[in-house]
Amino acid sequence: GPVDSLLGSTHLSGYGSTGYQAANGWRFDVVANVFDEDRTNGTPQSINSTQWRQGSGEVAGAVGGGLLSARGFGGTQDYRQTFTTVNATRTAETLIRDQSVPSMSAGLGGQWFRAWGAHSLLVGTEGRYIDGTSVDTPYAQGQPLPTVEVGGTQRLGSAFVQDTWRPSDRLTIALGAHGDVWHSESGQTGFSKSSGSFNPRASASNRIGES
C-alpha cells in the first residue's frame, strides 16, 4: 500500500591502530573501532539502528626485574528501535513506541611476570565497570507519553597469583590462587547484590622418562 517503503540498511565501520617501540624495550599500542548500522523496515517510521565505539590501549616493559603488561579499554553502544501500527488499508502509519538502549563499559587490567632461579612468579588483576539503560517512550495518537527508564550498573574485579617451581628437571610444582568479586545495582530501585569467590590451586607433574 501507499505507506509501504523499501527495506534496506546502511553500514559504516572503521578500525585504526598505532604503536611505539622504545629503545629500552617498552612498548605502547592503541586500537580504536567504530561501527554504525541503520535499517529501514518497510515503512517510513519503522527503523532500528546500532552505534558502537570501542578503544583500548596497552603498555608493556621491564619493571622490578620482571615484565609488566598493563591495558585499559572502554566503549559505548546504543541501540534504537521504533514500533508502529499500520491501518487496514495500509495508507497510514502511527508511531506507538520509541526505545533506546544505551550502554557503556570500561576496564583496567595488568599482569607482572618474573623468574627467580627455579621459580616463575605471575600476578595479575583486572577490573570492569558496566552501565546499561533501557529508555522507552510510548505514544498515543501521535503524542508522547511519560518515558520509562530502567537500568543498572555492574562492577567486576579479579586478581590472581601463581608460582611455578621446578626443583628438578623432571618435577614441576605450581601453587596459585584466584579471587573474584561482583556487584550489581539497580539505577531505579534499591536492589543491590554482591558476591565473590576464592579459588586456591595446587598441582604437580613429574616426568618419569625421557621424551
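From the alpha carbon gyration tensor of region 121-205, can you work out the equivalent ellipsoid semi-axes (sqrt of 5 times each eigenvalue) and give them in Å, largest to smallest? Walk me through the numbers on the way to the answer.
Details: eigenvalues 492, 27, 13 Å².
Listed largest to smallest, the semi-axes of region 121-205 are 50, 12, 8 Å.
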Note, ILE208: beta-carbon cut-off 14 Å, +1 each Lys/Arg, -1 each Asp/Glu, net 0
Label point distance in nm, SER103-SER195, each placed 7 Å from Cα along Cα→Cβ = 1.8 nm
Net charge of Cβ neighbours under 14 Å - reference HIS183; Lys, Arg +1; Asp, Glu -1 = 0
Most mobile listed residue (ALA22, ALA174, ALA70) in the chain, GNM with C-alpha springs under 10 Å | ALA22
With r defined as the distance between the Cβ atoms of THR164 and VAL135 and R0 fixed at 30 Å, what FRET efficiency is calculated, to the nearest 0.05?
-> 0.05
Based on the Cβ-Cβ distance from THR147 to ALA202, what FRET efficiency comes out when R0 is 35 Å, to the nearest 0.05?
-> 0.05
Relative contact order of the chain, pairs being alpha-carbon contacts under 8 Å that are 6 or more residues apart, as % | 12 percent
Which one of ASP29, ASP180, ASP169 has the biggest mean-square fluctuation once the chain is modelled by GNM with Cα springs under 10 Å?
-> ASP169
If packing is taken as the mean number of other Cβ atoms within 10 Å per residue, what is the order of 54-66, 136-148, 191-203, highest first?
-> 54-66, 136-148, 191-203
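Could you give the Stokes-Einstein D for region 1-49 in µm² per second, using the C-alpha Kirkwood radius, 10 °C, 1.306 mPa s? Spell out each step's value before the answer.
On the way: Rh = 14.3 Å.
Stokes-Einstein gives a translational diffusion coefficient of 111 µm²/s.
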Option label - Rg/Rh (Cα atoms, Kirkwood Rh) computed here, alternatives (1) 1.04; (2) 0.96; (3) 1.18 = (3)
Grab the Cα-Cα distance for VAL34 and ALA62, subtract it from 0.36 nm times how many residues apart they are, and report the gain in nm with one decimal.
-> 6.8 nm
Compare the Cα positions of GLY110, ASN87, PRO138 along the charge dipole of region 78-154 (+1 at Cβ of Lys, Arg; -1 at Cβ of Asp, Glu; about the Cα centre) and return the one farthest towards the positive end.
-> GLY110
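Each reported figure results from applying straightforward, stated rules to the coordinates on display, with no laboratory input. Owing to the predicted nature of the structure, the values given are computational and were not obtained by experimental measurement. With ideal geometry, Cβ positions are generated from the backbone for all residues, glycine too; neighbour counts draw on all protein chains shown.
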